[in-house]
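All remarks here apply to the structure that follows.
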Amino acid sequence: MAWDVRPTTDLEEFVDAVGAISHYFGSERNLERAERFGKVLPRERMHAAFDGARIVGGAGAFPFQLTVPGGPIACAGVTVVGVLPTHRRRGVLTAMMRTQLDDVRNRGEPIAALWASEEMIYRRYGYGLASFVGEIELASGYSGLREGPDPSASSRLITLEEAKALIPPVYDRVRASTPGMFERTQPWWDLRNLDDPPDRRQGGGVKNALFLELGGKPAAYALYRLYPKFEQGSAAGHLEVIEAVADGPVATRELWRVLLDMDWKASVKAFLLPIDHPLQHQLSYPRRMRMRIGDGLWVRLVDVGAALSARAYCGEGPVVFEVEDSFLPENAGRWRLAGGTAERTEDDPDLALDVGELGSTYLGGFTFAELVRAGVVRELKEGGAARADAVFVTAAPKPWCPEIF
Ligand SMILES: CC(C)(COP(=O)(O)OP(=O)(O)OC[C@H]1O[C@@H](n2cnc3c(N)ncnc32)[C@H](O)[C@@H]1OP(=O)(O)O)[C@@H](O)C(=O)NCCC(=O)NCCS
């Protein structure tokens, strides 16, 4: 069956389209909440799938500026994707993905990115695993740092209201050079990061904001929550780091020192860390971080030529790719990347790969050599992966997206 998919045009449609995913979160229909959500997700970026007059699925796309190697570019931040249980496995998602990707391409956004609820879903639409995230649980007895405190560091607790002015500039400085981070608008900060509705605390205390300066200059911040608990007279609770962003190594170390040294807890937990987190080199007992790795951002090159030409490279090339793209066949074929520009070519290819694997390398999260070793990229000329990596690998940190959107 061909499903009718189109952007929502009013609040009623918007709330019903978002309602498909809200169903799985156990939330009730709420116009007021949908109106607030509309401040970060424009109505025309929310697609609805119709069965007759009824909305049975929805898929949104935030208009992001996402940092890639070299700086920020336009990116569709795919979000609130859902199909009602009455209509699943009948092609509704596939219809929505097609309409959404066409829309993204027409808007001139060369890439799309998302967090997947399940890793099985999005490869078929051309997304590739583009970054990892690490989660840690560090027991309090093993949270010492190799270096002593820096005398120029001073920290203070601030209110969430004060945080609205103080922390975005720090985030923006780190964002500028970290692939995977996206620009947050003021409504985004207000609604998503610096809001603290009691029904979202999940048994924890209030959201706290910690602000750190080095030599009197803003350098880092953390948002965290305490889960206090005592067992047989001893602290058994934990501190959960919601987000800790620091500009540079000393700021990172001193920010985490405050978090790790806090009293009345048995451990510190954090969930969305970059896997090359400097803390691994700063802690006396890095093994005790117990970092568990999972998939982070998935990236889709929506317009291969424009996307490859949009990021910065370390090497000149050329390197030639034979790209497969069954979902968006207009991307398929041979692409030559030289001097930072990608063009169609008849030259012999170095590598053959699916567009999803280009997504995996796009932010710098994975190398072509790794993907050849995994058997998901084929080397058609000897040394092709090494040549491609010499072009792609930059000095940027591993891609990191600190927030599930
Ligand atoms: C995941 C979800 C959106 C899929 O929607 P759907 O309309 O059932 O998907 P489609 O019918 O278009 O499926 C397309 C293909 O993907 C497969 N697929 C879809 N969801 C899948 C899943 N969770 N696991 C494995 N395969 C899946 C289907 O089997 C189908 O395969 P086929 O083409 O080989 O037959 C829907 O089940 C849902 O809303 N789930 C709960 C919310 C959720 O996880 N949303 C995603 C947020 S990131």
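None of the figures in this text is laboratory data; all of them are computed from the coordinates on show. Here the structure is a predicted model, which means the values were calculated and not measured. Because the Cβ atoms are built from the backbone with ideal geometry, glycine has one as well, and the counts that use them run over all protein chains shown.
The residues Ile404, Ile136, when put in order of fewest to most other Cβ atoms within 10 Å, stand as Ile404, Ile136.
What longest region of the chain stays clear of trypsin sites (Lys or Arg not before Pro) that DSSP places outside H, G, I, E and B and that have at most 16 other Cβ atoms within 10 Å?
Result for the longest clean stretch: 291-380.
Backbone phi angles across the stretch 52-62, fed through the Karplus curve with coefficients 6.51, -1.76 and 1.60 (θ = phi - 60°), yield HN-Hα couplings of x, 8, 8, 7, 10, x, x, 8, x, 8, 6 Hz in residue order; Gly and Pro are listed as x.
Within the stretch 334-384, report the GluC sites (Glu not before Pro) that DSSP leaves as loop and that have at most 13 other Cβ atoms within 10 Å. If you can, show how the numbers build up before the last one.
Working: sites: Glu343, Glu346, Glu357, Glu370, Glu379, Glu382; in loops: Glu346, Glu382.
Sites meeting the loop and neighbour criteria: Glu346, Glu382.
Across all directions, the shadow cast by the convex hull of the chain built on its C-alpha atoms averages 21.7 square nanometres. For the stretch 146-181, the residues whose amide N sits under 11 Å from a probe point set 7 Å from the Cα of Asp196 along the beta carbon direction are 158-163. Among Met46, Met289, Met1, sorting on how many other beta-carbon atoms sit within 10 Å of each Cβ, with the fewest leading, yields Met1, Met289, Met46.
Applying both filters, DSSP loop and at most 14 other Cβ atoms within 10 Å, to the GluC sites (Glu not before Pro) of the stretch 19-97 gives Glu28. Under a 5 Å amide H cut-off, with hydrogens placed 1.01 Å from N, Val302 pairs with Ile111, Ala112 among residues at least 5 apart or on other chains.
If the chain linking Asp347 and Ala390 were pulled fully straight, counting 0.36 nm for each residue of separation and taking away their Cα-Cα distance, it would gain 13.6 nm. Estimate the FRET efficiency between Asn106 and Asp263 by the formula 1/(1 + (r/R0)^6), using the beta-carbon distance for r and 56 Å for R0, to the nearest 0.05. Once rounded, the FRET efficiency stands at 0.50. Under a 5 Å amide H cut-off, with hydrogens placed 1.01 Å from N, Ile242 pairs with Leu223, Tyr224, Arg225 among residues at least 5 apart or on other chains. Distant-in-sequence amide contacts of Val377, defined by a placed amide H-H separation under 5 Å and a gap of 5 or more residues or a different chain, comprise Val372. Remark: Thr79, Thr345, Thr86 ranked as Thr86, Thr345, Thr79, counting other beta-carbon atoms within 10 Å and listing the fewest first. The phi-based Karplus calculation (6.51 cos²θ - 1.76 cosθ + 1.60; θ = phi - 60°) puts the 3J(HN,Hα) values of the stretch 355-362 at 4, x, 6, 5, x, 5, 9, 4 Hz, whole numbers, x for Gly and Pro. Only residues of the stretch 81-110 count here: report those whose backbone N is under 13 Å from the spot 7 Å along Cα→Cβ of Met120, or say none. Within reach of a label on Met120, which here means backbone N under 13 Å from a point 7 Å along Cα→Cβ, the stretch 81-110 contributes 89. Our analysis of the stretch 300-394 gives Rg over Rh at 0.90, with the two radii drawn from alpha carbon positions and Rh computed by the Kirkwood formula. The GluC sites (Glu not before Pro) of the stretch 266-337 that meet both conditions, a loop assignment by DSSP and at most 16 other Cβ atoms within 10 Å of the site Cβ, are Glu316.
Would you please state the base-10 log of I(q)/I(0) at q = 0.13, 0.15, 0.17 1/Å for the stretch 156-258, with intensities from the Debye formula using one equal scatterer on every alpha carbon? Computed log10 I(q)/I(0) values: -0.51, -0.66, -0.82. Expressed in Å, the radius of gyration and Dmax of the Cα atoms of the stretch 101-162 are 21.2, 54.
Phi-derived couplings, Karplus 6.51 cos²θ - 1.76 cosθ + 1.60 at θ = phi - 60°, listed residue by residue for the stretch 243-253: 7, 10, 10, 9, 9, x, x, 5, 4, 4, 4 Hz, with x used for Gly and Pro.
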